[in-house]
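Q: One structure coming up, written as structure tokens, with questions to follow.
A short reminder: the numbers here are calculations on the coordinates, not readings from a lab. Because the structure is predicted, anything quoted here is derived from the model rather than measured. Here Cβ is always computed from backbone atoms with ideal geometry, including for glycine, and neighbour counts include all displayed protein chains.
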Amino acid sequence: MFGSLSATSSEKKAAAARKAQEDAEKKAAALEAARQKKEKALEEAFKQAEAEARALEELKKKDEAELAVLNALASEKAAANVLDAMTTRITRAWRRPVAFKGGLEVYLRMSLASNGELVDVRIMKTSGDVLFDRSALTAVKRAAPFDEVEQFDAATFEEKFRSLVVKFRPED
């Protein structure tokens, strides 16, 4: 009678040990599955963060490029406005020659210093009328200095204003 109780007790202990082992294995498997799930979620989050960082970098580059274009356009517009103001001043400084018949134009090359002082002015393409050409040269000298060019940085000044050709054609 005790032998069968003892076998039953041993079987219960073995069954309990197996059950504990199975529970431990299930718990370990569940922990491993949870760890893998967290690891996968972290990898996905990292990939998404990298993708977002790349997208932000691309947006930043695009914004910088757009800003550079806008700055270039603003610089071009400012240069055109200054050139227009210079041409207007030259035209206002012009004195009509006595025999002026209208419809003439002369191309003048102006050389400027960075402070706007006129260094030189020469005829690049004559109008064919010596008096008109001379009056245009005199008008440029009267209109100088061209202080407007001082607003530009050295590179822009060198490119646009150090030496420039102006078409002088006064309106009748």
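Q: Based on the Cβ-Cβ distance of Glu64 and Leu131, what FRET efficiency does E = 1/(1 + (r/R0)^6) give at R0 = 45 Å, to the nearest 0.05?
A: It comes out at approximately 0.25.
Q: What is the spin-label model distance, in nm, from Ala80 to Ile123 if the labels are put 7 Å beyond Cα along the C-beta direction?
A: Inter-label distance under the simple model: 3.1 nm.
Q: Which one, Ser75, Ala14, Ala34, projects farthest toward the positive side of the charge dipole computed for segment 2-168 from Cβ point charges (K/R +1, D/E -1)?
A: Ser75
Q: Quick check: the angle from helix 2-93's long axis to the longest principal axis of the chain, C-alpha only, nearest 10 degrees?
A: The helix 2-93 is inclined about 0 degrees to the chain.
Q: Under 25 Å between C-alpha atoms is the cut-off here; go through segment 1-86 and count lysine pairs that meet it, provided they're at least eight residues apart or on different chains.
A: 18
Q: Now for a separate question. About the Cα centre of the chain, how large is the charge dipole given +1 on each Lys and Arg Cβ and -1 on each Asp and Glu Cβ? Please answer in debye to the nearest 20.
A: Computed charge dipole of the chain: roughly 160 debye.
Q: Could you give the angle, 0 to 90 degrees to the nearest 10, between helix 130-143's Cα long axis and the longest principal axis of the Cα atoms of the chain?
A: The helix 130-143 is inclined about 50 degrees to the chain.
Q: Hey, with R₀ at 45 Å, roughly what FRET efficiency would Asn71 and Arg92 work out to, going by the Cβ-Cβ distance, to 0.05?
A: Computed FRET efficiency for Asn71 and Arg92: 0.90.
Q: How high is the relative contact order of the chain, in percent, with contacts defined as C-alpha pairs under 8 Å that are six or more residues apart?
A: 22 percent
Q: Which of the following values of log10 I(q)/I(0) by the Debye sum over Cα atoms at q = 0.08, 0.10, 0.12 Å⁻¹ was calculated from the structure shown: (i) -0.23, -0.36, -0.52; (ii) -0.53, -0.64, -0.74; (iii) -0.41, -0.56, -0.69?
A: From the options (i) -0.23, -0.36, -0.52; (ii) -0.53, -0.64, -0.74; (iii) -0.41, -0.56, -0.69, the structure gives (ii).
Q: Modelling each spin label as a point 7 Å along the Cα-to-Cβ direction, I'd like the Lys40/Leu164 distance in nm, to one decimal.
A: 6.8 nm
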